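The values are calculated or read from the model by the stated rules, or taken from the named source; none is laboratory data. None of these values were measured; they are calculated from a predicted model. Note: ideal-geometry Cβ built from the backbone for every residue, glycine included; neighbour counts use all protein chains shown.
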Amino acid sequence: MSGSSSGYFSPAVQKGDLRMRTTKPITVSLPPDLLREAQRVAREEARTRSELIREALRQYLTSRRWQRLRQWGAETAERLGLKSEADLQRLLDGVRAGRRKAQG
């Protein structure tokens, strides 16, 4: 591994430092048209393909978390019989009134 870059270790490791890189290499198979488009976008944005794919995955995971949260909210609203914001406000007002009574 002497001065060449294998892609598996950071330059610090290649120079004898034992710190490992903070990323792990993986293999991803893409259809040719998707790969070409990813390469084009990476060039246009002056990024590496890895940076582009990491950002795309981060955005996907964030979107998925929000989607799951919205689904949970919809299921909870249905279970509680909430059909409007006014229904939610009445529920919250009732909970708050109950807490005030309990405190005092």
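Which ones in region 77-104 are in a helix (DSSP H, G or I), surrounded by fewer than 11 Cβ atoms within 10 Å (Cβ to Cβ) and of a type outside the set (A, V, I, L, M, F, W, C)?
Glu78, Arg79, Glu85, Asp93, Gly94, Arg96, Gly98, Arg99, Arg100, Lys101, Gln103
Tell me whether region 57-72 contains one or more residues that are aliphatic (A, V, I, L, M) and part of a loop (DSSP other than H, G, I, E, B).
The answer is no, given that none of the residues of region 57-72 is aliphatic (A, V, I, L, M) and part of a loop (DSSP other than H, G, I, E, B).
Which residue pairs have Cβ atoms under 9 Å apart, sit 6 or more places apart or on different chains, and have a first residue in region 38-67 that is in contact (Cβ under 8 Å) with a residue 40 or more places away in the chain and a second that is polar (S, T, N, Q)?
none
Looking at region 17-40, which of its residues are at pLDDT 95 or above, more than 20 Å from the chain's Cα centre (by Cα) and not acidic (Asp, Glu)?
Ser29, Leu30, Pro31, Pro32, Leu34, Leu35, Arg36, Gln39, Arg40
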